[in-house]
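The values are calculated or read from the model by the stated rules, or taken from the named source; none is laboratory data. These numbers were taken from a predicted model, which means no experiment stands behind them. Reconstructed Cβ throughout: ideal geometry from the backbone, glycine too, with neighbour counts over all protein chains shown.
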Amino acid sequence: MLMSTKTILLGMGFLAMSCAAGGSGPKGNASQDPSAAPTDSGPPQTIDISGIGGPGSIRTPGIAINPTCTSDCMDFPEAPVVDPASGPLPANVAALFGAPDSTASGAICVSEPQLSEGDRPGALVPLNWLRPRFRFEAPAALDVFEIRLTSPHQKFPLVVYTTNQQWTIPGELWKNGAVNLAGAEVQVSVRGISKAAPSKPVGTLGSFGIAPVAAGGSLVYWATTSAEVSPTTSKLVGFRVGDEGVVDALTIPQVQKSGILNEGGNALRGKHDAPRGVPPGHVQCIGCHVSTPDGESVAFTDHWPWDNVLSSIKPETTGQEPAYLTPGASALLGQPWLGMMTFSAAHWKTGDRIALSVWSPRNGGVGFTGQAPYPSRSDGLAWFDLETPAAIPWQENQVMSTNQAIQAQMGKGFGFLALTGETRSLAAPDFSNDGSRVVYTSAEVTQDGRIGAGQPNNETDIHWVPFNARQGGQIVALPGASEPGIAEYYPSYSSDDAFIAFNRAPNTAGLTYYRPDGEVWIIGKDGGVATRLSANDTPSCTREVSPGIINSWAKWSPAVQQAGGKSYYFLIFSSARKYPGAFIVPKHPLGYSPPDTRASQLYMAAVVRDDASGKLTTYPAVYLWNQAPDTSNLTPAWDEFQIPPVVVIR
């Protein structure tokens, strides 16, 4: 029997369309003085709150947030709300739950959003993030639930009754209330009763926060369904901040790059690509990727033998090589045995478009002779001039002429940064936004531009080297992220270059690529004391423990936001913690898949710095409920990607 007509029934049947594709140029503040942080001074700017809880993103650093009220706001209705997807509820359901309870039994496990526990705060979300979704698990005897949200900014609590263990704030409420909740702690109570035998409700209390700032940019991630490489098992998927759906940003059949070469200098074909369903010389897999600083293209590493590719993701040119990429530069990037690429907005203008990439001596000096030991132990760092006028002739089975043409471009179309003092190999570089430094993983063993498996261990540390006008120089082991016996890898600069996020594992044993015991930490750009993110941990009631859930691949949002004397940083990362629809990625028949084949999903986390004291506060992770749960979602990038618009009907 349904509740009385005084209860408000809120559905979600309206159309929301994303804003047009576009970007604001270089990520973060790289085009400005790198020491100048964004501010919220000056006249306030208006936010189009029609985009909150649906499409739209805030791309301009330092936008002021102007709530229409800060107390006794009327965004939450006075009457309770019935979840339109709920089963029948008792007519006296409100009476059965009675007055709010300030005690909690912990009988209900709330996994979304992650709530405060003890001294640890709850999750913190940008005000233009996805509408909060509440997901929880309850004992089987409980079948009617009350969700109560209370904010000091709101006159009334938002009270919801449902028989479901998942509920998302309706778009109307979130759109109207998100700005007015900015900077507030939202108290959450989730209680349950049994319809058959009502008694004192039991439940959980906690809180989460709405940041007084908005996040910007777009996110693009690698979505895969199998370790078997084929044109349909992986793709790049993306969305703008606030989009409640996702869009295919780039698929393998869309990539128009040809001339992918094998280790012999011939068009890739035969036993390695025949089962993968692509023509000879074409891309087989979209692997580790980053955005170009203009957001118009992605740069990624193909499957074996690991050539590099630049491909547009703009709707009108998706799959094409960008216009500035000359045939010579494309050919140089088409060498085998390369690795992850990286860029800096400080070196992204006509006459100075530079890509950096791992480069393996398996090329035999320069070319495709493949005579270095395998796995390689001395991968270097190469720069590529993406506008080089070089001509690289190529004919099938004419390896020597291709090799000679590439050798002739040494120091012209491409070259190497000196890594003075480096005694190991190199993997996973990241170019600072101001263009002055390159941070990377220093590893005892690398394999094909990636971190390899040690025999019996593989020491990995975070080092950096000055870019120095393509010359490189003396390497520096980052203090606090280069501890002996500890695995430290996958570094990533924040958009203001103030911090480096990296992965950390407690020892150097095993495969580093997808380590179950990996966790996300951050440290200042010059080192010091590293900070472990609380986002590594799940709610205690889930009984999942980190290390052990494969937290990895953290990337920062494209701009730092400031408000109230604090700087707000947001990160995206992948994790294999339990989520709806979790599955196992089938292992590749040749054993290419990592030993742990749990699928991952994406999570967002906030880090807040008090600008006066420098104190950092890290917050639990927030699950991205707009991603597909039936794909393993990895290696995310958060930038100003100019992806197609997302259309969501809800």
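Scanning region 545-561 for residues that are more than 18 Å from Asn633 (Cα to Cα) and crowded, with 22+ Cβ neighbours inside 10 Å yields a total of 4.
For the subset of region 571-581 comprising residues that are modelled with pLDDT of 90 or more and part of a loop (DSSP other than H, G, I, E, B), which member is nearest to Thr538 (Cα to Cα)? In this case the residue turns out to be Arg577. Remark: pairs (first residue in region 224-240, under 18 Å from Pro279 (Cα atoms); second residue of a type in the set (S, T, N, Q) and part of a strand (DSSP E or B); Cβ separation under 7 Å; 6+ apart in sequence or on different chains) = Thr233/Thr224; Ser234/Thr224; Lys235/Thr251. Suppose we keep only residues that are modelled with pLDDT under 95 and crowded, with 21+ Cβ neighbours inside 10 Å within region 582-622. Which one would you say is farthest from the chain's Cα centre (by Cα)? So the residue we want is Val585.
The residues of region 103-136 that are under 22 Å from Val81 (Cβ atoms) and not aliphatic (A, V, I, L, M), listed by number, are Ser111, Glu112, Pro113, Gly122, Trp129, Arg131, Pro132, Arg133, Phe134, Arg135, Phe136.
The set of residues from region 516-540 being in a loop (DSSP other than H, G, I, E, B), within 18 Å of Ser495 (Cβ to Cβ) and of a type outside the set (D, E, K, R) comprises just one member, Leu533. Screening region 471-512 for strands (runs of 3 or more DSSP E) wholly inside it with 2 or more residues that are within 12 Å of Ser442 (Cα to Cα) returns the ranges 487-493. Screening Ala91 with (1) in a strand (DSSP E or B); (2) surrounded by fewer than 19 Cβ atoms within 10 Å (Cβ to Cβ); (3) among the small types (Gly, Ala, Ser) gives one miss only, at (1).
In the set Ala612, Ala621, only one residue is under 21 Å from Tyr569 (Cβ atoms) and in contact (Cβ under 8 Å) with a residue 60 or more places away in the chain; that residue is Ala621. Regarding Leu332, is this residue modelled with pLDDT under 95, in contact with a strand residue (DSSP E or B) (Cβ under 6 Å, 6 or more places away or on another chain) and either farther than 19 Å from Tyr490 by Cβ or not in a loop (DSSP other than H, G, I, E, B) (or both)? Yes: the conditions hold for Leu332.
With the structure loaded, tell me whether Ser494 is surrounded by fewer than 20 Cβ atoms within 10 Å (Cβ to Cβ) and within 27 Å of Arg120 (Cα to Cα) or whether it fails that test. Break it down stepwise before answering.
Details: surrounded by fewer than 20 Cβ atoms within 10 Å (Cβ to Cβ): no; within 27 Å of Arg120 (Cα to Cα): yes.
Answer is no for this residue.
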